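Remarks on the structure that follows.
What follows is calculated from the coordinates using simple rules that are stated; it is not laboratory data. On a predicted model such as this, the values are computed, not experimentally measured, just so you know. No Cβ is skipped: glycine too gets one built from the backbone with ideal geometry, and neighbour counts run over all protein chains shown.
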Amino acid sequence: MIKFLDLKKINLQFQNEIEKEIISVFRSGWYLKGNYVNQFEEKLAKYIGVKYVVSVANGLDALRLIIRGYLELGVFKPMDEIIVPANTFIASLLAVSENDLKPVLVEPNKNTFLIDVNEIEKKITTKTKAIMVVHLYGRVSNFNELKSLANKYKLKIIEDNAQAIGAVYKGVKTGNLGDAAGFSFYPGKNLGALGDAGAISTNDKNLYDVVSVIANYGSSYKYHNIYKGVNSRLDEIQAAVLNVKINYLDDSNAKRRSIAKKYIANIKNSKIILPEYPEEFKSHVWHLFVIRCEERDKLQKYLKKINIETLIHYPIPPNKQKAYSELNNINYPITEKIHNEVLSLPISPVLTHKEVEKVINAINNYV
Ligand SMILES: *Cc1c(COP(=O)(O)O)cnc(C)c1O
C-alpha cells in the first residue's frame, strides 16, 4: 500500500532529536511561553526574513488574529470586504467571517489553481480592505501583479501561507511578501508539529504588538486586559518539535520538488492534466501534487484498487458549503470544475523512488 502521507515515517526520520527535546521540556517544568517558544519564533522569523513572529495555537487562529489585529488598529471595520480565492480551504473564509467581515470570492486560474488576478478588480468595492492570497498546494502566487493591484486600491495583503512554507518569490520567502501572513504547522503540512500549531509573521510593529496581546487573553501584563482577547498559544512541546524539524525543511521541500519533477516528466496519459511548473516558479514547495481528470472518481477507485492512496483537495467548494448558505446561489464555474476534477497524488519527502515509479506506471496504464 502506498499511503497518501506516512506521518509516522516522516517523523521517525528525526526520532532521536525529537525525543530528546520532548524529554527536556518534560523535565524543565515549564510548558507555555518559555525558551522553546522564544527560540522557535526567532528561528522562524530568521528563516522567513521578517522582523516579527507570533506563535499561536493553529493556522486558523493565525489568520483570524491578523484580521482581528487590523480591526483593533482601526484599519478594518466590521462589514468590510476581503478578497479570497474561491477554491481555497475553508479556513481562509472562516478567518474573515468570524471577524464580521465579508469574504468576497474570486475565481482561480484553472491551470495554476491560484487566484486569477485579472478577476479581482471587478470585485473591488469601496468596502474592500484586503486581499487574502493563498499559496495553495504549496504554489507561489504571482505576487507582483497582486501587489500593484493592492497598491492601486490601498489594500492590505494577507498571505495564507499554511501550505507554502519555504517557497520563494523573486528571492523573497512567502510569508514575507504581504503585510502579514498566517502559517499552519498541522501535522500534515510541510512543517508539521505533533499536534496543532501555527504562527503569524509580519514586519508591522503595530500589528505585532496587537496580535501578541490578543492571543494571550488581551493581556500584556498579567491580569491587566487591554483587549477582549483569546487564548491561542503555542506550547513548549510543539515548539521543541518544530525547532528540530525546521532545520530539515529545505531538504524535505527539495525532496517534494524532485518527486514533482519526476511526475511531470513521466506521467503521460491524455486523460490527465498535470499541474503547471514553469521555470520562474521553480520554488513551489509542493504541499500537494494535484492533477486534473474528468473521470476523477473512476481514476481514484482504480488507484485504490491497486493500493495507491489519493485524496481530494477539496471535494466541496466553499460556495457550496452549508455553512456559507449566503454564497450557495452564486456560481463559480471554474472553482466547481476544479473541485470535480482534482486528485492529489502521494508526494511526501519519504516516498521512495520505487513508490514514485509505481504511481507513474499506474497512471500511465489507466485507460
Ligand atoms: C491547513 C490550512 C489552514 C488552517 O490551518 P490549521 O492549523 O489546520 O488551523 C488554513 N489555510 C489553509 C490553506 C490550510 O491548508
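Table for the structure above
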{"read-out": "Calculated P(r) tail over 18 Å for region 1-139, as whole % of Cα pairs", "value": "69 percent"}
{"read-out": "Where labels lie 7 Å past Cα in the beta-carbon direction, separation of residue 305 and residue 250 in nm", "value": "4.6 nm"}
{"read-out": "Equivalent ellipsoid semi-axes, region 248-290, via Cα gyration tensor eigenvalues times 5, rooted, Å", "value": "20, 11, 8"}
{"read-out": "Listed residue (50, 194, 82) projecting farthest to the positive dipole end of the chain, Cβ model", "value": "194"}
{"read-out": "Rg/Rh ratio calculated on Cα atoms of region 101-151 (Kirkwood radius)", "value": "0.94"}
{"read-out": "Centre separation in Å (Cα based) which lies between region 90-169 and region 1-33", "value": "33 Å"}
{"read-out": "Unit charges on C-beta of K, R, D, E only; dipole of the chain, Debye", "value": "480 debye"}
{"read-out": "Proximal aspartates and glutamates relative to residue 304, as straight alpha-carbon distance under 19 Å, when same-chain residues fewer than 8 apart are discounted", "value": "6, 294, 295, 341, 355, 357"}
{"read-out": "Residue exposure sequence - 204, 116 - by fewest surrounding Cβ within 10 Å", "value": "116, 204"}
{"read-out": "Three principal axis lengths of region 280-367 [C-alpha, angstrom, descending]", "value": "47, 33, 22"}
{"read-out": "At R0 = 41 Å, FRET efficiency that the Cβ-Cβ distance of residue 224 and residue 323 yields, to 0.05", "value": "0.70"}
{"read-out": "Loop-located chymotrypsin sites (Phe, Trp or Tyr not before Pro) in region 174-244 whose Cβ has at most 15 other Cβ within 10 Å (DSSP)", "value": "223"}
{"read-out": "Leading residue at positive end of dipole, region 285-351 (Cβ point charges), from 299, 333, 317", "value": "299"}
{"read-out": "Taking 12, 101, 71 and counting other C-beta atoms within 10 Å, the order from fewest to most", "value": "12, 71, 101"}
{"read-out": "For region 115-193, alpha-carbon Rg and Dmax in angstrom", "value": "13.0, 40"}
{"read-out": "Share of Cα-Cα pairs in the chain lying beyond 30 Å, as whole percent", "value": "38 percent"}
{"read-out": "Most to least packed among 330-336, 39-45, 121-127 [average Cβ atoms within 10 Å]", "value": "39-45, 330-336, 121-127"}
{"read-out": "The chain, helix-only ellipticity at 222 nm - DSSP H runs n ≥ 4, -39,500 (n - 2.57), divided by all residues, nearest 500", "value": "-11500 deg cm²/dmol"}
{"read-out": "Cβ-defined net charge surrounding residue 38, 14 Å radius [Lys, Arg +1; Asp, Glu -1]", "value": "0"}
